[in-house]
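Take a look at the following structure, please.
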Amino acid sequence: QVQVVESGGGLVQPGGSLRLSCAASGRAFRNYIMGWYRQAPGKEREMVADITSDGRTNYARSASGRFTISGDNARIAMYLDMNNLKPEDTAVYYCSIMYIGMTYWGKGTLVTVSS
């Protein structure tokens, strides 16, 4: 059974930094895409950044220049380094892994940016 687990959320002040981690397990993943999505209260889920298993990255405009996504193929893991956080970054952040037409989701980790 595939499991996707996020960690690293929490409360941070505006301008602060946070690192989110994600790990997937349960099968042998190859040629996959891992992504970070977020959903703020009252809003739809949106893509933040994603990374392919060969290292290609893609960022939403809101994340570009402030967030950095990275991956570890050996561990089927992914990270999101978030800098200069703003109150509008407050959301539940979800990790996903897309493989052979299937998308698996984690349960999410809450990031709150507030003074």
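If a residue must be open to solvent by 60 Å² or more (accessible area, probe 1.4 Å) and either modelled with pLDDT under 95 or closer than 19 Å to N73 by Cα (or both), how many such residues does the stretch 8-32 contain?
5
Follow-up. Would you check if N84 is within 21 Å of V113 (Cα to Cα) and in a loop (DSSP other than H, G, I, E, B)?
It is true that N84 is within 21 Å of V113 (Cα to Cα) and in a loop (DSSP other than H, G, I, E, B).
Right, next: Looking only at the stretch 20-40, filter to residues that are among the small types (G, A, S) and part of a loop (DSSP other than H, G, I, E, B); which one of those is nearest to T109 (Cα to Cα)?
A40
Test each condition in (1) farther than 17 Å from M47 by Cβ; (2) part of a strand (DSSP E or B) for K107 and report the one that comes out false.
Evaluating K107 over (1) farther than 17 Å from M47 by Cβ; (2) part of a strand (DSSP E or B) leaves (2) as the failure.
Please enumerate the residues belonging to the stretch 1-25 that are of a type in the set (S, T, N, Q), more than 15 Å from M82 (Cα to Cα) and touching a strand residue (DSSP E or B) at 6+ places or on another chain (Cβ under 8 Å). Give the derivation first.
Going residue by residue through the stretch 1-25, those that are of a type in the set (S, T, N, Q) are 1, 3, 7, 13, 17, 21, 25.
Checking the rest, the ones that are also more than 15 Å from M82 (Cα to Cα) come to 1, 3, 25.
Listed by number, the residues that qualify are Q3, S25.
Out of everything in the stretch 56-81 that is under 17 Å from S21 (Cα atoms) and either of a type in the set (K, R) or in contact with a helix residue (DSSP H, G or I) (Cβ under 7 Å, 6 or more places away or on another chain) (or both), what residue ends up being most open to solvent (accessible area, probe 1.4 Å)?
Ranking the qualifying residues of the stretch 56-81, first place goes to R75.
The values are calculated or read from the model by the stated rules, or taken from the named source; none is laboratory data. Nothing here was measured: the structure is a model prediction, and the numbers come from that model. All Cβ positions, glycine included, derive from the backbone under ideal geometry; neighbour counts span all protein chains shown. SASA here: full protein model, heavy atoms, side chains in, ligands and nucleic acids out. Shrake-Rupley method; radii C 1.70, N 1.55, O 1.52, S 1.80 Å.
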